[in-house]
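What follows is calculated from the coordinates using simple rules that are stated; it is not laboratory data. What you are looking at is a predicted structure, and each value in this text was computed from that prediction instead of being measured. Please note: Cβ atoms are built from the backbone with ideal geometry, for glycine as well, and neighbour counts cover all protein chains shown.
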């Protein structure tokens, strides 16, 4: 099978033409001969600009993500790789996908020629360190594979990854002094003071283990690695603060060993004389538990030295995962769609060794016997569309993720479900208690395999914890007062939504009192709607409105979370009719929505890093993600249809710059997937989707329960964005609201699209 | 049972008189009614001056040692407590006994009244911190118990300890603001930069766990603790760098919890309103594995709140351990003897949780299934007499210690047995490979329960490791050359001795080639004897003697380890006849020994902290420990007899200042015990003891194999130091050399002593 990298397909015009022809031929969901779904993965999508994805290989939901790092100091490059950077530092073992805050990037490997350098050096002056120039012309990335030629050393680097282990294949020039450096001090927080401690051990002349403890986004993140080399070192050195660690050196610590060291600035050098085109393969694995477990993970997942076999195995996993949705479409659409699925399936990450052990939130080692433990829960983002997608087509994993969150709860000293959890840490990032909608939406949509009563207990305790983020005042007053708590409006609105979810679960479990209680809290959004301005507005503990009040302004630690009043005012997913009523009816509501999309560039302030703007709708950040669909609640679904299709077309694609905002562990991509399929979970935890306008001719979803849901879009074209008619399971369907039960056991959604709105479709109230 | 503390017995004249009467009555090995061997333990012995013992309670070979700390910055106070200090910082959970280098002192607890202070403050101005004045008049220490009244706060503190858990009983005055502080930053390395990281968690309103990582004597020492409080906190605070950790404080880290924190300067405050004489008990435990294991250790060993029951249980363990040797004697002799046994049985320390888990040298968590794992091996000291004593009366533990050392070997990246190991760390302290004599002496004296072939492999690999301390050059040249390695003479001499031990084991296992090889290495001492000066002298790699040469000078990192040429010249325990020959015969040899004891105060230089000097014989440090016995090899045993008895009388006792040098995990005390019993293992690994002059009227040793060895000393008195005659197992015995086989199955040693030398006894060559 020929490797086709993103570059090969995108920049090489010859290949591009061939592929264009191939994509035209692929008019059904059948793949062309020899074609595989994983061929459509473009790992470079999102690596330029705000997407914050990484280009290196990873298995679906895998524990390792081997990838090049070009940057470790900028939050704008949270995944470590910015496509426009001219030089690369090396290749580290773990990466976050699409987050707005950098972390991971553990254990950098970099081959070198000549006397090894021990610092990365300047991005634009790579000769100042071990950095190397590279060119996108000699770089390729595809499913389970990344390759780059290091222009300064002439070393060709290839990476692949399994779930817990990966492989690096280095092809060297002839050299008297070649080396492979591991920088244990490297991590993507940049700040060296955030590396608390590290150690490295040369277990034998072809095996190294190491460890570091990072006080980064999480307060204390332990990670161990193990590396085995296909060729024993000719010699090796451990460097500490620039000095070789050796017997009695007394430079750093009173060691009498040259085979191990501890400190805060360690590099390991595996040294070789190499022949021309000599290949040395390094296989690596990580563990949050111990070096011994990292070795176990390594030896279990990479027992041999067959780089290509690991790559093929992981590609096959991607084929399998992507086959959960098979679509027809042109090459661009398939690449965009399957790359979105790829990004959706990169997090949460497996966080458990082959032994079943993992390091929990309490820093203790736990055994996950009856589930796979996952970490990296970007819940403020992913509760919106990512987990609802999992509930639909990844229920088994979703159940494991829920089990993982319940384990987190059990390990939480504050008895809280995760907010934004990162490998045995709570980062306390963002707001709300959005593990709740994940659990509730999953359960109500049929995700099983966890103890729902135990889950309910965790959900309820989390929502009732008086120590957390103004919840006590919220419970007492009906809103979070801005004089006691920042981001008070956003917190109030998001709590009210989460509370609605709890009420739904309470109802399902026959807890009538709780249902009534949380439904009452779900109405708390009304307390912050100021009719005098027609917007959500901060209120203090005495009931006074925030004055002065700028509805277009985002202020860090102000009343709103990464947004303005004009954006957050729409955050009532649990009761859009109630919001419509507050705003004076559907006409006013839609006019106000129209206004949101019409503000000029200078009308709103703040959040300069959020792109994808249409007026004050900022698609690049999550508070906007449900807003377009709100037209569908108010009798003007065609306005949603047009905007959704415009965003699919203009803010996604197969290019490095194609993501307009942080992918946020798959939420930007999950929005794409649902929206391209023609429906979206505006209110996870409730029992319906909202219908938009599909962007794929045909899609077949293999649902978690084994049934198939087929979506077809007749007359699909760039112009034909308006729904003319819809048949659901063969019967005409005229509402824009689609109950989950209609598709829970598969079925068909048959859209007919056209260039003009059918203003009589989708206006029927459910 | 009335508690009789050291102070009560020593300072209270009334009690003293009573006791003196009691001791006169106790003329047989029978104890007086109600009297227990543990009554003779004086934990304060060695706490004043160089002894470096600690006064707090510990179980035999226990994992925790709860004890007051008065100092954490001075190496002279390595155990944390100096008797002459006027104020106490608090009470920490772990302590080393008698080492010359400070470490441990983990997790300081200190009750306070008023607004809690967070720094210890100045020793002589305790109001500057949480220190408190105290008085020896309101302090008491006995087996399993320590008590002190904090004069500043009025809180009475009582401590007791089991194996892995301990209890602290605080009796408060009435106070609106009482607290019990835990300082996680406290440890006995003093230097705050050596605390790498710590965290603390309030598990529930009466339970706290915590952790710190210390880059101290060991490169990375992890320790966790758990504490349960008999009364839930009225309130609690976590302080980090002086600030309260609370929701959104952003002072140290972006926490939204007041129940946990991480950092490098943490204190936990349990806060109470107390009534007069209100008692709050805190039970504590440690683990090197995890907080979860610390809790398991705590709940297994201290399930209830009965302080007195834990104290009594540990006292009973001491009674049992001390009963391995029962002696007759006056109160002073019994206190001195049993306190020496107490100190001998304080290390190595249990280092394994109730789960069987421990953190190994490789930082991994290991399971010790078929042995008890021990840590803290001060082998350069303890191979001399401590382990030979264990082989004789503690063989089961000695076997576990050997297993622990073999596990260390397996976990050593350098394939080395421990040198000076400390809780999962190799400190690389001191020289030689003296795990070898421990293993060999144990095996040859009947210690079983370990795989001797595996042990032999470890012993041999350790002695052949070319990376270690000049061994490669030693093997090649026959000496360690001073131009390549410091402490070259001491290393050469000690290697040669260790090699002799290996040869003995090789012989026992039928490895004839190895026997020949290592016996050849055992002769290497001869290569450094310079006949022109009649002393051991450094030699470089070209064979040139060290010039200039000062035979009385100790130079740090010079040719000798904590000693001079005049001291180290005697270090040929494996071949004293060979040394005698080198020195020109017995007369010359004895004259030279006489000279050693006759040098004036200003004749030798260096090592000012070593006390117990008789000429250039420095009893306060180990290189001298075997020297007096050498007279017995050269026909003048009476000179040994007189000196030994003089040292027993003048350099030991029942006083805080009674130890003239670091007790070094029991070696100083083991020297006392053997010498007081009348024989000493000059060459562990060989099959004999050397006979001195007993200092107890009667002693019965319960040997490891269940047999009994009885030693009697007729006419024992302060003046009667000379052996007149000896019967071994009933038969007259005239040699000063006692083969182990004579006592291996018990028997009798019947000495008759007198005031003048019997110059015809002990001159017979074996």
| task | Working from Cα positions, state the angle (0 to 90°, nearest 10) between the long axis of helix A:512-522 and the longest principal axis of chain A. | result | 90 degrees
| message | Whole percent per 10 Å bin, from 0 to the bin with the longest distance: what is P(r) over all C-alpha pairs of the range B:551-710? | response | 10, 38, 37, 13, 2, 0
| request: Treating the angle as unsigned and between 0 and 90°, give the value, to the nearest 10°, between the Cα long axis of helix B:637-650 and the longest Cα principal axis of chain B. | output: 20 degrees
| query | What are the nm distances, shortest first, from residue A:35 to its equivalents in the other copies, labels at 7 Å along Cα→Cβ? | reply | 9.9
| said: Taking the number of other C-beta atoms within 10 Å as the exposure measure, put A:198, A:717 in order starting with the fewest. | reply: A:717, A:198
| field | Spin-label model distance (nm) - residue A:177 vs residue A:467, 7 Å beyond Cα toward Cβ | value | 5.6 nm
| note | With R₀ set to 51 angstrom, the calculated FRET efficiency between the beta-carbons of residue A:31 and residue A:124, to the nearest 0.05, is 0.70
| request: Quote the FRET efficiency, to the nearest 0.05, computed for residue A:305 versus residue B:244 with a Förster distance R0 of 41 Å and r equal to the Cβ-Cβ distance. | output: 0.15
| query | Could you give the Stokes-Einstein D for the range A:590-668 in µm² per second, using the C-alpha Kirkwood radius, 20 °C, 1.002 mPa s? | reply | 163 µm²/s
| field | Coordinate range along principal axes, alpha carbons of the range B:417-462, Å, largest first | value | 29, 19, 16
| message | So, R0 is 30 Å and r is the distance between the beta-carbons of residue A:707 and residue A:609; what FRET efficiency does that work out to, to 0.05? | response | 0.10
| Taking the C-alpha atoms of chain A, how large are the radius of gyration and the largest Cα-Cα span, Dmax, in Å? | 26.1, 85
| remark: Averaged over the residues of B:357-370, the number of partner chain Cβ atoms within 10 Å of each residue's own Cβ comes to 3
| request: Note down the nm distance, to one decimal, between modelled labels 7 Å out along Cα→Cβ at residue A:555 and at residue B:759. | output: 10.3 nm
| said: Need the C-alpha centroid separation for the range A:344-405 versus the range A:279-325, integer Å. | reply: 19 Å
| request: Over all alpha-carbon pairs in the range B:356-467, figure out the percentage whose distance exceeds 18 Å. | output: 43 percent
| remark: Shortest first and in nm, the label-point separations between residue A:718 and its counterparts in the other identical copies (7 Å out along Cα→Cβ) come to 11.2
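Add -39500 (n - 2.57) for each DSSP H run of 4 or more in chain B, then divide by its residues: what number comes out at 222 nm, to the nearest 500 deg cm²/dmol?
So the helix-based figure for chain B works out to -8000 deg cm²/dmol.
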| request: Would you kindly work out, in nm and rounded to one decimal, the distances from the label point of residue B:754 to those of the same position in each other copy, ordered shortest first, with label points 7 Å along Cα-to-Cβ? | output: 13.3
| message | Please rank A:266, B:701, fewest neighbouring Cβ atoms within 10 Å first, as an exposure proxy. | response | B:701, A:266
| For the range B:356-467, what relative contact order do you get, as a whole percent, if you take Cα pairs closer than 8 Å and at least 6 residues apart? | 31 percent
| said: Distances longer than 23 Å among the Cα atoms of the range A:73-318: what percent of all pairs is that? | reply: 47 percent
| query | Per 20 Å bin from zero, what fraction in whole % of the C-alpha pairs of the protein assembly as shown is there, up to the bin with the longest pair? | reply | 9, 31, 30, 19, 9, 2, 0
| Against the longest principal axis of chain A, how steep is helix A:452-464, in degrees 0 to 90 to the nearest 10, with axes from Cα atoms? | 80 degrees
| query | Roughly what percent of Cα-Cα pairs across the range B:441-529 reach past 19 Å? | reply | 38 percent
| Approximate spin-label separation residue A:581-residue A:279, in nm, with each point projected 7 Å along Cα-to-Cβ | 6.9 nm
| said: Taking the square root of 5 times each eigenvalue of the Cα gyration tensor, what semi-axes in Å does the equivalent ellipsoid of the range A:440-598 have, largest first? | reply: 29, 19, 13
| field | Additional length obtainable on full extension of the chain from residue B:194 to residue B:484, 0.36 nm per residue less Cα span | value | 101.3 nm
| query | So how far, in whole Å, is the C-alpha centre of the range B:521-575 from the one of the range A:132-193? | reply | 53 Å
